[in-house]
1. Just name the residue that is modelled with the lowest pLDDT out of those in region 3-24 that are open to solvent by less than 40 Å² (accessible area, probe 1.4 Å) and touching a Gly at 6+ places or on another chain (Cβ under 9 Å).
2. Name the strands (runs of 3 or more DSSP E) wholly inside region 260-362 in which the number of residues that are surrounded by 13 or more Cβ atoms within 10 Å (Cβ to Cβ) is 3 or more.
3. Which numbered condition trips up TRP177, out of (1) touching a strand residue (DSSP E or B) at 6+ places or on another chain (Cβ under 9 Å); (2) modelled with pLDDT of 95 or more?
4. Name the helices (runs of 4 or more DSSP H) wholly within region 25-143 that hold at least 3 residues that are farther than 26 Å from GLU195 by Cβ and open to solvent by less than 50 Å² (accessible area, probe 1.4 Å)?
5. Provide a single number: the residues in region 242-259 that are open to solvent by less than 70 Å² (accessible area, probe 1.4 Å) and farther than 15 Å from GLN61 by Cβ.
Amino acid sequence: MKEAALQAGIDSQQVGLALEPEAAAIWCQHIQTDVKGELSKPGTQFMVVDVGGGTADISVQEKKPDGRLNEILRPDGGAWGETNVDKELFDWLGSIFGQKRIRQFRESEFGEHLDLLNEFEIKKRSIGNNNVVIRLPYSMRENSKKIKKSIDKLGLSEKVSLTKDKLKVDAEIAKRWFNATISNIASHISNLIQEQYFKEVRLVMVVGGFAECKLLQSAMIETLSNVRVIIPEEAGVAVLKGAVEFAQRPHVIASRVMKCSYGINKPVEYDAKVHDRSKVVIENGKKVVHLFEQFVKINNEVKIGEVVAKGFKPTSLKETKVDIYSSPHPNPRYVSDRECTKIAQINVKHESGKTANDKIVDVLFEFGKTEVFVRVILRISGEEFGTKLECL
């Protein structure tokens, strides 16, 4: 979306990224509930659960005395959005109409498929103990006799019925479409809150489009009986409104918790006493290993504007290639370790100077907005090279 905005002609200086869990947390400061006073107290820790279409994003924030927010749990969660409920619905419809017919419907009848999804989107909010009535598109009800026969064959005649264009489904069947998704969300949050690190969390704010689902609300309140669960009005637009405020007041976020470890490739000569022999490569006739020189560790808290800098001697007298890596592990040793990923590269030309000491560079990781900025500065001349890493 950022690339699309730039291609549309919007000035790059006016295009920024807002992280959804942060945006939701920002907006929760303004909601009109009886806990607004508690949310404004310094030291208050609260969890924000943003349940949208594809994912459930969870973050924990702490209110600072100056009114800003410290992130104390990096964005967590999983693929437990309401589209999973849609999938359960269509899998169930496939048991009646045939999976092949449902695939054809989704691929060929785009307009009708969208109409059915839109209708179900509204139904999701209110499904409870009453039967659910789904209006079937024309192409799905052409052969009503065959549909009724399939319902009888599945032994569902007392729980499912078709009358003209309306498919009536027993509430207990409809609830099953939600079970796995809601269970994943509620149990994951329950496990987080039980961790010692989050023992001070007493408020859980649930926002996002799926937050308006009554079944989800009931499950959250029942499962999280030791904390206060708040579902604010207009929960579905909390992220949107929070993003607008973040654009106006980006410094409302005081710190973030890193979602991965960042570092650079540091080639050094192999030492049999300290290095893993399997990591050795031959470069310019020498045995070399490529270390992961870490600048920040996963789960570390970094303040907005914080800079981490390290100096390095180049391996070449003419040009240095600075390879930037990330890792989901706290202490990667080599850039070839499992799940280490090269995410960027900066080429630094340093033709002035005669010795390696003349060509020392400082590598700086700067934690600013929702991107991490990496700069390489030649000490002798002050010449600067850089790039930025998207932190989504």
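The values are calculated or read from the model by the stated rules, or taken from the named source; none is laboratory data. The shown structure was predicted, so the numbers you read here are calculated from the model rather than taken from an experiment. Backbone-built Cβ (ideal geometry, glycine too); neighbour counts: all protein chains shown. The protein model used for the area step is the full one, side chains on, heavy atoms only, and it has no ligands, DNA or RNA in it. Shrake-Rupley method; radii C 1.70, N 1.55, O 1.52, S 1.80 Å.
1. Per the stated criteria, the residue is PRO21.
2. 261-269, 286-296, 306-312, 319-327, 341-349
3. (1)
4. Helices (runs of 4 or more DSSP H) meeting the threshold: 83-97, 110-126.
5. The number of residues fulfilling the criteria is 3.
For (1) in a strand (DSSP E or B); (2) at pLDDT 90 or above, each residue gets a yes or a no:
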residue: ILE173; (1), (2): no, yes
residue: ILE189; (1), (2): no, yes
residue: TYR197; (1), (2): no, no
residue: VAL204; (1), (2): yes, yes
residue: LEU215; (1), (2): no, yes
residue: GLU222; (1), (2): no, yes
